[in-house]
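Heads up: the structure comes next, in structure tokens.
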Amino acid sequence: MITTAQIDRIIRFHGDEVPVVSLYVGVRPDDGATPATRINSLLHEIRPLTQDGSLCRRARMSVRGDIERIAALAGLERLGAGALAVFSCSEADLFEQVVLPRAVRDRVMVDATPWVRPMLAVLDEYHRACVLVVDRRSAEAWELYQDEMREAGKVEDPALRKPNYAGWYGYTEHRVRNRADDLARRHFRNAARLVDELFRTGRHEVLILGGHPEEVPVFTDFLPRHLRARIAGTFTVDPRTATPADIRHAAERVLEHYERDEDRRWVAEVLERAAAGRPAALGPAECLWAGSVAAVGALLVQEGATAPGVVCDESGWLGVRGDTCPLCGKPVRRTPDVLGELTDAVIEEGGTVRHVVADTGLREHLVAASLRFPLPPAPQPSA
Ligand SMILES: [Zn+2]
């Protein structure tokens, strides 16, 4: 699992006088070149730095060490579809690998700090959820992120572990029940405190609750207001018999449902923006022009959509068709998926990208964007 501690370590890293090598390689099952081959050609681009007299000796040594270590990466053939990001600064003891669930453009950068924007843009699309399975006597928290779930904490009140009312001989049944309710309330308060503590680390975005359908709403009232607002959904489970796999599957379904709702909200917002005449772009042609002038604040892409198009590597112009770039006159490069190029361009300009899975009005446009400013008139593409 990608931990927030690892991401923080990468984001905060500064090599001082030694540079950091950041390398991204996409893993596409249909791609001819293996990741190892493409990593080698990326490393080839930065090899001259190891001889560059304008860098201090330690910097050259560091880059040399980074190249050796990245070239020796093992296990690449086991990567599924997605991307691998590597951040290395051998003289300052940094070597981090992050497997990303979505492909990004192959790229190598050497700079004073790690180049994290593509990684963060991909990870932004996934929610880190806190899953709490709770009943009147136990509460267990899990962290769910992408396809993995791990334990995050539990509350077990010793007084509740073996409820044994036999010792209260002489109590009326009514008083026993009151006593049990008191204990349950105390337990719910402790469980709410556990959730609060977990959210205070800032790691989790949403809360998912599982348990008996008559008990979960009772527990919910013990949560502070700001946590109640984070509830993505609830599921029914018997905490005493559920396996971690049961919990994970149920929580994943809740999260998926939540994300599809979120998809619909994102699309509605952009379509309303366009309808109201505020800066927005609908469809490949408009969105590509918006991407060409760095106008895109948030880009919505229908999941799995691709479209052929053209790119000018000189000016960054993106278009549906044409032979030469209308901005600089250079010949364009054809690409089977110009929407992928658009996504990379938006990320590089600090915009947000969201891949929409839900069936919404986006299907007829494939892409839509909310813009930072109204678009200038688009140049006419060459014949
Ligand atoms: Zn151009």
Heads up, the strands (runs of 3 or more DSSP E) in the range 96-190 (entirely inside) with at least 2 residues that are modelled with pLDDT of 90 or more and in contact with a His (Cβ under 8 Å, 6 or more places away or on another chain) are 128-134, 139-145
Listed by first then second residue, the pairs whose first member lies in the range 324-351 and is at pLDDT 90 or above, whose partner is within 16 Å of the ligand (Cβ to nearest atom) and among the basic types (Lys, Arg), with beta carbons under 7 Å and at least 6 positions apart or on separate chains, are THR324/LYS330
The condition of being in the same structural domain as ALA83 (by TED's automatic domain parsing) and either among the acidic types (Asp, Glu) or out of contact with any helix residue (DSSP H, G or I) (no Cβ under 8 Å at 6 or more places or on another chain) (or both) holds, among ARG47, ARG9, only for ARG9
SER88 passes all but one of the listed conditions (1) under 30 Å from GLU349 (Cα atoms); (2) outside the structural domain of GLY32 (by TED's automatic domain parsing); the exception is number (2)
When restricted to ARG28, ARG38, ARG12, the only residue exposed (fewer than 12 other Cβ atoms within 10 Å of the Cβ) and modelled with pLDDT under 95 is ARG12
Taking the range 187-223 and the residues there that are β-branched (Val, Ile, Thr) and under 30 Å from the mean Cα position of the chain (by Cα), the one that is nearest to ALA141 (Cα to Cα) would be VAL195
Checked GLY304, GLY283, GLY291 against criteria (closer than 30 Å to GLY322 by Cβ, surrounded by fewer than 19 Cβ atoms within 10 Å (Cβ to Cβ), at pLDDT 95 or above and of a type in the set (Gly, Ala, Ser)); the one match is GLY283
If you go through GLY283, GLY277, the only one that is at positive phi, free of Cβ contacts under 8 Å to residues at least 12 places away in the same chain and not hydrophobic (A, V, I, L, M, F, W, C) is GLY277
Among residues of the range 332-383 being within 18 Å of TRP317 (Cβ to Cβ) and among the hydroxyl-bearing types (Ser, Thr, Tyr), the residue surrounded by the most Cβ atoms within 10 Å (Cβ to Cβ) is THR343
Of the conditions (1) in contact with a Leu (Cβ under 7 Å, 6 or more places away or on another chain); (2) not assigned by TED's automatic domain parsing to the domain that holds LEU299, the single one that PRO376 does not satisfy is (1)
With criteria (1) over 28 Å from ASP182 (Cα atoms); (2) free of Cβ contacts under 8 Å to residues at least 24 places away in the same chain, THR241 comes up short on (1)
message: Taking the conditions exactly as written (away from the ligand (no atom under 16 Å from the Cβ), basic (Lys, Arg) and not assigned by TED's automatic domain parsing to the domain that holds GLY153), does ARG253 satisfy them or not?
response: no
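The values are calculated or read from the model by the stated rules, or taken from the named source; none is laboratory data. Everything numeric here is computed off the predicted structure, so don't read it as measured data. Glycine also receives a Cβ, built like all others from the backbone with ideal geometry; neighbour counts cover every protein chain displayed.
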